[in-house]
Amino acid sequence: MAPLKLHGVPFSTCTARVRACLEEKNVEYEICPVDLGTGAHKRPDFISKNPFGQIPVLEDGDITLFESRAINNYIAHKHKDQGTDLLQLGNLEDFAEVLVGCEVESQQFNPTMGPIFFNTFIAPLRGWAPDQKAIDENVVKVGTVLDVYEKRLSSSKYLAGDCYTLADLNHLPYIAYIMKTPHADLINSRPHVKAWWEAVSSRPASVKVSEGLTLGSSH
C-alpha cells in the first residue's frame with residue numbers, strides 16, 4: 001500500500017498534530033513540503049485540495065482531507081487496530097470521554113493559546129510587533145482552562161482517563177512551542193498538568209515530531 005501523503009511543513013503546529021497521530025498509529029506516510037514563503041498553499045493546485053488554502057492536507061488514495069483534528073479522527077478510526085488506541089472505541093463511556101476532551105482542546109484551549117503562539121512566534125517572523133495586550137489577556141484565559149485540567153488530572157493520568165488519546169495528543173504542538181518561552185510557567189506551575197505534559201512530551205512520537213517545531217529557533 002502506498003504511503004499517505006501529508007502536505008505541510010514540520011514546523012507547522014497543525015502539520016505536527018497530524019504527524020504525531022500518524023506516528024502513534026504506526027502509519028507509513030511521506031511529507032510533501034508546501035513552500036509557504038512563495039504562497040504555494042494559495043495556488044490552484046493546492047486550493048483544489050483545500051479550498052481554504054491552509055496546511056496540512058492528507059491524501060489517502062482517493063480520499064483527501066484537511067483540518068488537522070478531522071484528519072486525526074480519520075486516521076485513528078481507520079487504523080484503530082494498530083498502534084496506540086487514541087479513541088478508546090472499545091468502550092462507549094471511555095470513547096465519550098475522549099470526544100469531550102477533544103472538544104475542550106478545540107473550543108477552550110486552542111482559542112486561548114493561539115493568540116499567545118501567534119504573537120510570540122509568527123508576528124516577529126512577519127516583522128510585526130507582538131500584541132502584548134493580546135498575550136496578557138490570553139495568558140489569563142488559558143490559565144483558567146489549565147486550572148480545569150489541573151483538577152481533572154488530579155484523578156487521572158490523562159485528560160480522558162488513564163490512557164493516552166487524541167484528547168492529549170492534540171495539545172502537543174502549541175505546548176511544545178510555549179515550553180520554549182517564559183509562558184512555560186503556565187504548565188510548570190500546575191503539578192498535575194506538569195506531570196501530564198511530561199508524560200505526553202516524552203512519548204517517542206512526541207519527541208520525533210517536536211524536533212521539527214523550530215519556529216523561533218536560531219537554527
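The values are calculated or read from the model by the stated rules, or taken from the named source; none is laboratory data. These numbers were taken from a predicted model, which means no experiment stands behind them. Glycine also receives a Cβ, built like all others from the backbone with ideal geometry; neighbour counts cover every protein chain displayed. We work out accessible area using only protein heavy atoms, side chains counted, and drop any ligands, DNA or RNA first. Shrake-Rupley method; radii C 1.70, N 1.55, O 1.52, S 1.80 Å.
Before moving on, here are some points about what is shown:
- Rounded to the nearest 20 debye, dipole of the chain from Cβ charges on Lys, Arg, Asp, Glu: 480 debye
- Label point distance in nm, VAL100-ASP81, each placed 7 Å from Cα along Cα→Cβ: 3.1 nm
- Taking ALA129, ALA176, ALA160 as the candidate residues, the one with maximal mean-square fluctuation in a Gaussian network model of the chain, Cα springs under 10 Å, is ALA129.
- Here SER154 sits with roughly 70 square angstrom of accessible surface, probe radius 1.4 Å.
- Shown are LYS5, LYS49, whose ranking by accessible area with a 1.4 Å probe and every protein chain present, most to least, is LYS5, LYS49.
- Taking the chain and dividing mean pair separation by its residue count, relative contact order in percent (alpha carbons under 8 Å, at least six apart): 23 percent
- Beta bridges per DSSP with both ends in the chain, % antiparallel, nearest 5: 60 percent
- Reachable lysines from LYS208, criterion Cα separation under 26 angstrom, eight or more residues apart if same chain: LYS5, LYS25, LYS78, LYS80, LYS157, LYS180, LYS194
- Length gained on full extension, THR144 to SER156: 2.4 nm, using 0.36 nm per residue less the C-alpha separation.
- Using a simple spin-label model with pseudo-atoms 7 Å out from Cα toward Cβ, LYS133 and THR181 lie 1.8 nm apart.
- Inter-site label distance for ASN188 and GLU211 at 7 Å from Cα along Cβ, in nm: 2.5 nm
- Nearest-0.05 FRET efficiency for GLU28 and PHE52, computed from C-beta distance (R0 30 Å): 0.65
- Both radii were evaluated on the Cα set of segment 92-209; the Rg over Rh quotient, with Rh as the Kirkwood radius, amounts to 0.98.
- Sequentially through segment 44-59, phi angles give Karplus couplings (6.51, -1.76, 1.60; θ = phi - 60°) of x, 5, 7, 4, 5, 8, 9, x, 8, x, 10, 9, x, 10, 10, 10 Hz, Gly and Pro residues having no value and appearing as x.
- For LEU99, solvent-accessible area (1.4 Å; no DNA, RNA or ligand), Å²: 90 Å²
- Residues HIS79, HIS192, ordered by accessible area of protein heavy atoms at a 1.4 angstrom probe radius and largest first, appear as HIS192, HIS79.
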